[in-house]
Amino acid sequence: MHIETDIVHGGQHPDKWTGALSPPIYQTSTFVFRDADHGARLFKGEEKGHIYTRISNPTIELLASKIALLEAGEAGLVFASGLAAIFNVVIAVVRSGENIVSDDTIYGGTYTLFKNILPRLGIEVIFVDVSNPGKVQSALNDRTRLLFIETPANPTLKIIDIGACAEQAQKKGIPLCVDNTFATPYLQRPIDLGAEIIVHSATKYFGGHGDIIGGVAVGREEFIHAMWKGAKDVGASISPFNAWLILRGLKTLAVRMERHCATAQKIAEFLEKHDKVETVYYPGLKSHPGHEIARRQMRGFGGMIGFDVKGGKETGKTLMNSVGLCTLAVSLGDVDTLIEHPGSMTHSGYTDQELLDSGIKPGFVRLSVGLEHVDDLIDDLKQALGKI
Ligand code: LCS
């Protein structure tokens, strides 16, 4: 089936008890055992069944298998947030005394997890520009257990060649983990290009409506099972209701992504021509250094745009304080267009030098293009840029 069809039907079937088309929400913490031996067998893994929602839940499992299908992976595991998914992947793969090689441009929360929390567990993270194969080669060593990237990356929309990266990881015998939040499997399927593990903030395009927090990891069956064994004791489980809201949001992923891409392309072209704008970062623009790679590995360029306004941070602030229709807030992938300043908001865990090294200039503004009419969005940005 085409991915558009899998997005609607994949993994789902009418409820076997009632025929309900929409899946039931198993909003329960616990599941009743038939007798004491049944409970003991479930705990020993001798019989399949649900015990307790931190361990497993049918609504959450439905979401996990649906996302695994969309990502062309064997299995998936859903978490309370994207960061919980990333943390659980790391602790499933990396032990104290070992390390991760990560691209230097990633979501600020992932960056502070890697920079501040993992070293406390004895896990070192080596940050390099992963788009440069030579730098990756010299960073990988005998204690490296994971190569981690985001593409397109938050917030600069940096593009990394997934296939080339996967090859380097395979040579080293380690998995490549791709955070596919910005693209979604509708636009890009890293597993088809050689990646082994996919993570997502489901909070974003999967949910799509700005009303939940969730995360997911996808990979080989054996890996997901091993990760689940640890994750059930870490306890970062999503609520069944939130899992259901993501299932509902997912149904419109294809049409939403088409519109996000079309509107973002027009806005990026508008911004590129504007005399108050210095640089526009959008992979759909020919001027973007990752444009050719993005064309090869993505079927569309996504709904995220970055841009530098002339005059730096202060003019950036004037712009953000002057928008009317665009909303000044973090998060992304919502139906509402959101605008924010990564340097002082989502990426405030980077030092000023680290921001510059990752190409995030002081006046860099990030736009998550929503589903409003493109002309209304352009009018709003035009009037706000006019205030500079
Ligand atoms: N990965 C990416 C690429 C993200 O953008 C985020 C959150 C996460 C992982 C973490 O997911 P969460 O735990 O929030 O579900 N990005 C955010 C952002 O850019 N603004 O607010 C959150």
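The values are calculated or read from the model by the stated rules, or taken from the named source; none is laboratory data. Being a predicted model, the structure only gives us computed values, none of them experimental. Because the Cβ atoms are built from the backbone with ideal geometry, glycine has one as well, and the counts that use them run over all protein chains shown. We work out accessible area using only protein heavy atoms, side chains counted, and drop any ligands, DNA or RNA first. Shrake-Rupley method; radii C 1.70, N 1.55, O 1.52, S 1.80 Å.
Side notes on the structure shown:
- Within the set Ala164, Ala153, Ala195, the sole residue that is away from the ligand (no atom under 16 Å from the Cβ) and at pLDDT 95 or above turns out to be Ala164.
- Those residues of the stretch 188-204 which are open to solvent by less than 30 Å² (accessible area, probe 1.4 Å) and either outside the structural domain of Ala217 (by TED's automatic domain parsing) or touching a Phe, Trp or Tyr at 6+ places or on another chain (Cβ under 8 Å) (or both), in sequence order: Ile197, His200, Ser201
- Where Thr5 falls short, out of the listed (1) without any contact (Cβ under 8 Å) to a residue 40 or more places away in the chain; (2) open to solvent by less than 40 Å² (accessible area, probe 1.4 Å): (2)
- The criterion of being in contact (Cβ under 8 Å) with a residue 60 or more places away in the chain and more than 30 Å from Lys361 (Cβ to Cβ) does not hold for Gly210.
- Long-range neighbours under 8 Å by Cβ, at least six apart or interchain, first residue open to solvent by 10 Å² or more (accessible area, probe 1.4 Å) and of a type in the set (Val, Ile, Thr) within the stretch 338-355, second in a strand (DSSP E or B) and near the ligand (Cβ under 8 Å from one of its atoms): Thr346/Glu340; Thr346/Arg366
- Test result for Gly333, within 13 Å of the ligand (Cβ to nearest atom), open to solvent by less than 20 Å² (accessible area, probe 1.4 Å) and touching a Phe, Trp or Tyr at 6+ places or on another chain (Cβ under 7 Å): yes
- Residue match in the stretch 41-53 (condition: closer than 18 Å to Trp244 by Cα and in contact with a Pro (Cβ under 6 Å, 6 or more places away or on another chain)): no
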